[in-house]
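Below: the structure, in structure tokens.
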Amino acid sequence: MTLVKARTPQIIAGNQKPLFTGNDWDFDTIRRIHDACEAVAGPQLGLSWYPNQIEIITAEQMLDAYASIGMPLFYKHWSFGKHFAQHEAGYRRGLMGLAYEIVINSDPCISYVMEENTATMQTLVIAHAAFGHNHFFKNNYLFRQWTDAEGILDYLDFAKGFIARCEERYGHQAVEQVLDAAHALMSQGVHRYPRKKRPDLASEQRRERERIEHGEQIYNDLWRTLPQKTGAVRSDLAAERRKALLELPQENILYFLEKVAPRLRPWQREILRIVRLVAQYFYPQRQTKVMNEGCATYCHYRIMNALSESGQITEAAYLEFLQSHTNVIRQPNYDDRSYGGHNPYAIGFAMMQDIARIAEQPTEEDRAWFPDIAGVGDAMAVLRDCWENYRDESFIQQFLSPKLMRDLRLFHVVDDPEEPELRVEAIHDERGYRKLRRSFARQYDVAWLDPDIEVVDVDLEGDRRLILHHKAINRITLQKDDAKRVLQHLADLWGYDVVLKEVEPATGAVLGEITASARPIFF
């Protein structure tokens, strides 16, 4: 792995010479490419980014990065080796290609680029990753809310060292079993909403003074003469107090186990915390796939065109770029053999271009649908605001235009197993636009994609059985065999029996139960 650190930012002006000729490149070429992209990304596009760190890696190292979910530092686990073998076999047989780059949300922002890339491809991936993704990581509200770009590399270094020390002290098998259980619960190990900040002593004392002052102001001795209600049911204060102390209901199951599981040892709790924090780090990426790739693709498209117009890349290089760009944003039709769902690059790039069109050259239809941005003139200001303040679901719900629905030929099909045939619910016409946009946006809403499971209660003074509820929206329950396997890991970590109830949110009716008993693995 070879490291190329970016120099101090500078603006290239009036340089009409090509940055390179042919496919070959060296480290000076990479520096010139970075500086040329930077000169467009800052003054012309108004992007802001973390300092860049570009690393040149081999195909073998790219496969290794694939296996460790793209992180430069990571602890050891058998599943990473399994993924490495799977990817390597597919790559060697020509069944899959490798990404041109991988970019890490860190400060400095690390971009891995393949040494097999041509000079044109290095230009494209630097524009795409080092400036497009980098800008998105730094500015989008979800990444600012849930990730610590400055501290992630130091934390991963700590996590790798801690787990290695645990393996030396407690044995590989003991550590691996905890990691297996934690990984099984990883998708239920994130906070989906910002947590309320715990008040400090000074603020608690201030709030207490304010409560007393307010009580004195509204006190009236006549209230004591009112007759008391009879037959009122006393609330279960003990249960309420228990739930308050345990912060129930709790959606983050790994967090609950880390804090409350009665039999876990300190090093096992620390491993749960590591897995939980890694899951939280990746949580924003799941919610911004379309926007993140759309932002990076739109930025590399603008930067490469600017470099071509100024003569810094040749016509041959520009044609090579167009071919790669077209492949990236290709959206196969639903009846194509290569169809694998919606391509986030295609959807994202099309929406960014459409928003720029609406801002600069709106139609009457655009003015009716998007009165706030139609014709404002500064397309990049509108796009930067979108990249900063939205996630995929809200972005599509807000900005997918009727014109783009027509261009993409979108329609909504309902596949109900209780009906003999598929039903076309909405097409791109006047009646279907809003329904189509709403149903399309819902496909990117994690609230609909992830099962809504919460820890609701536990009897710490009795049998210590843990009770969870799954809110079965539209009466859709969990796949029983998979749920039972995951619940077994949860019971093992908890140390006692666990029951998961499938509950219909509207009526509270229990649709089913899955139970598991702890095995003597960890204790």
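The values are calculated or read from the model by the stated rules, or taken from the named source; none is laboratory data. Here the structure is a predicted model, which means the values were calculated and not measured. Using ideal geometry, Cβ is built from the backbone for each residue, glycine included, and neighbour counts are taken over all protein chains shown. What goes into the accessible areas is simple: the full protein's heavy atoms, side chains included, and nothing from ligands, DNA or RNA. Shrake-Rupley method; radii C 1.70, N 1.55, O 1.52, S 1.80 Å.
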**Q.** Rounded tilt (10° steps) of 433-442 against the dominant C-alpha axis of the chain
**A.** 70
Q. With point charges of +1 on the Cβ of Lys and Arg and -1 on the Cβ of Asp and Glu, referenced to the Cα centre of the chain, which listed residue (GLN188, LEU307, THR120) lies farthest in the positive direction of the dipole?
A. GLN188
Q.
Probe radius 1.4 Å, ligands and nucleic acids left out: which of ASP335, ASP354 has the largest accessible area, and how do the rest follow?
A. ASP335, ASP354
Q: Match the structure shown to one of the listed values (i) 1.04; (ii) 1.23; (iii) 1.15 of Cα Rg over 2.2 N^0.38 Å, computed from it, and give that label.
A: (iii)
Q: Normalising by the residue count of the chain, find the relative contact order in percent from Cα pairs under 8 Å and 6+ residues apart.
A: 14
Q.
Can you pull out the trypsin sites (Lys or Arg not before Pro) in the range 367-474 whose DSSP state is coil and whose Cβ has at most 14 other Cβ atoms within 10 Å?
A. ARG409, ARG431
**Q.** Loop-resident sites, the range 259-348, for chymotrypsin sites (Phe, Trp or Tyr not before Pro), counting at most 12 other Cβ within 10 Å (DSSP)
**A.** TYR334, TYR339
**Q.** Carbon/sulfur fraction of accessible area - the chain, other protein chains in place, 1.4 Å, %
**A.** 49
Q: Could you go through the range 44-55 in sequence order and give the Karplus-derived ³J(HN,Hα) for each residue, using 6.51 cos²θ - 1.76 cosθ + 1.60 with θ = phi - 60°, rounded to whole Hz, and x for Gly and Pro?
A: 8, 9, x, 7, 10, 8, 6, x, 8, 10, 9, 10
Q: Compute the relative contact order of the range 443-500 as a whole-number percentage, counting only Cα pairs closer than 8 Å that sit 6 or more residues apart in sequence.
A: 34
Q) Which of the listed residues, GLN331, VAL376, ALA356, is farthest toward the dipole's positive end in the range 318-408, when Lys, Arg count +1 and Asp, Glu count -1 at the beta-carbon? A) GLN331
**Q.** For the range 368-502, size of Cβ-based charge dipole, Lys and Arg +1, Asp and Glu -1, in debye
**A.** 500
Q. Suppose every K and R has +1 on its Cβ and every D and E has -1 on its Cβ; what is the size of the dipole of the chain about the Cα centre, in Debye to the nearest 20?
A. 1200
Q) Where does the chain land at 222 nm, in deg cm²/dmol rounded to the nearest 500, when only DSSP H runs of n ≥ 4 count, each adding -39500 (n - 2.57), divided by all residues? A) -15500 deg cm²/dmol
Q. By accessible area of protein heavy atoms, probe 1.4 Å, what ranking do LEU237, LEU383, LEU248, LEU322 get, highest first?
A. LEU237, LEU322, LEU248, LEU383
Q. So, with +1 on the Cβ of K and R and -1 on the Cβ of D and E, and no other charges, what is the size of the charge dipole of the range 112-222 about its Cα centre, to the nearest 20 debye?
A. 320
**Q.** Antiparallel bridge percentage (DSSP; both residues within the range 453-516; nearest 5)
**A.** 65
Q: Please work out the average accessible area per residue across the chain, using the 1.4 Å probe convention, and give it in Å².
A: 54
**Q.** Amide proton proximity set for GLU425, modelled H, under 5 Å, gap of 5+
**A.** HIS412, VAL413, VAL414
Q.
To test your reading of the geometry: what angle, between 0 and 90 degrees and rounded to tens, separates the Cα axis of helix 379-389 from the longest principal axis of the chain?
A. 30
Q: Considering Cα pairs under 8 angstrom that are at least six residues apart, work out the relative contact order of the range 389-462 and quote it in whole percent.
A: 31
Q | Most positive-pole-ward Cα, PRO51, TYR170, ILE102, against dipole of the chain from beta carbon charges | A | TYR170
Q.
Between LEU449 and ASP416, what's the calculated FRET efficiency when r is the beta-carbon distance and R0 is 30 Å? Round to 0.05.
A. 0.95
Q | Between 0 and 90°, nearest 10: helix 344-360 axis offset from the chain longest Cα axis | A | 70
